[in-house]
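For reference, the structure is listed below as structure tokens.
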């Protein structure tokens, strides 16, 4: 069931809160593919906010490919599904093996012909299952990001909050890592990622029995307070990986700090411009993907802020609940095997 709520005391703009909430609902399947979203005016009335706030959130989702607008009919959730590259190795395999059930039946038939009783065979099967269960890895979660520092930092935070092992894995290494897991439905509780890598992660694990959760990251109130306390003459630089984020944050920063702020922006790939900005500003704002690159060339003493340095507490609580439920299911299945 979809619950609509916003934290109106937060410094995070309402349209970004709403965008992230809808993104989470779409990514987790609470809002289904092709499901019609509430109308702009109806949702604005329910949340007691300006309809332009809802319209702006919907526009952001449409740009990200998570929303399709059908004029006259409304806005609909979009959840792209593509084949998983993990299955490529199966498609190119030339070995033909019998189904596991047939192999097991042949083994049991041999035991029966050797004179083993039904009771002895059941005892042997249970003993093997218990041994396999003891040898199997403990349930864990993967947090996947493109930046090593953020992957490690958030994985540690999630481990403290979720009370289970959380492995930080780069998105580029995710397929290889999951291929190593022999029994993902028993050991891998979920793959967690940020909204920036949602589609990529979905393509990697699309056909596997693994839950995917989106962890929304945003700028913390502490960082906002530091930025709003800066003088009007402060030179601010912003560096990120994609053009849409540049446009979004230029709009957001000018809206919060004033249209007349001294702001320069560029993409990571624009190396000459990035070096020029880093060497001329007083404060540098970066996304996690740009953090390491900017830090390497930044002069000593320059203030560098990660604009996604806070985990949204609402999505964290939703993930905690989902992981706890999955852990209970795994523990119940393990208990049945042991008995």
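The values are calculated or read from the model by the stated rules, or taken from the named source; none is laboratory data. Small disclaimer: the values here were computed from a predicted structure and weren't measured. Reconstructed Cβ throughout: ideal geometry from the backbone, glycine too, with neighbour counts over all protein chains shown.
What the table below lists for this structure:
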{"read-out": "Residue list for region 273-292, restricted to those being part of a helix (DSSP H, G or I) and surrounded by fewer than 17 Cβ atoms within 10 Å (Cβ to Cβ)", "value": "273, 275, 276, 279, 280, 292"}
{"read-out": "Counted residues, region 1-54 - those being over 24 Å from the mean Cα position of the chain (by Cα), over 28 Å from residue 257 (Cα atoms) and outside any helix (DSSP H, G or I)", "value": "2"}
{"read-out": "Residue satisfying condition, being farther than 19 Å from residue 299 by Cβ and within 17 Å of the chain's Cα centre (by Cα), within set 260, 211, 242, 251", "value": "211"}
{"read-out": "Verdict on residue 257 being free of Cβ contacts under 8 Å to residues at least 40 places away in the same chain, touching a helix residue (DSSP H, G or I) at 6+ places or on another chain (Cβ under 7 Å) and not assigned by TED's automatic domain parsing to the domain that holds residue 193", "value": "yes"}
{"read-out": "Condition broken by residue 308, with the remaining ones in (1) touching a helix residue (DSSP H, G or I) at 6+ places or on another chain (Cβ under 9 Å); (2) over 25 Å from residue 20 (Cβ atoms); (3) part of a loop (DSSP other than H, G, I, E, B) satisfied", "value": "(2)"}
{"read-out": "Some residue of region 126-133 being surrounded by 13 or more Cβ atoms within 10 Å (Cβ to Cβ), modelled with pLDDT of 80 or more and at positive phi", "value": "no"}
{"read-out": "Residue among 304, 297 that alone is surrounded by fewer than 14 Cβ atoms within 10 Å (Cβ to Cβ) and without any contact (Cβ under 8 Å) to a residue 24 or more places away in the chain", "value": "297"}
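Here is a yes/no grid of residues against (1) in contact with a helix residue (DSSP H, G or I) (Cβ under 8 Å, 6 or more places away or on another chain); (2) assigned by TED's automatic domain parsing to the domain that holds residue 146; (3) farther than 22 Å from residue 230 by Cα:
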{"residue": "261", "(1), (2), (3)": "yes, no, no"}
{"residue": "265", "(1), (2), (3)": "yes, no, no"}
{"residue": "269", "(1), (2), (3)": "no, no, yes"}
{"residue": "280", "(1), (2), (3)": "no, no, no"}
{"residue": "283", "(1), (2), (3)": "yes, no, no"}
{"residue": "286", "(1), (2), (3)": "yes, no, no"}
{"residue": "298", "(1), (2), (3)": "yes, no, no"}
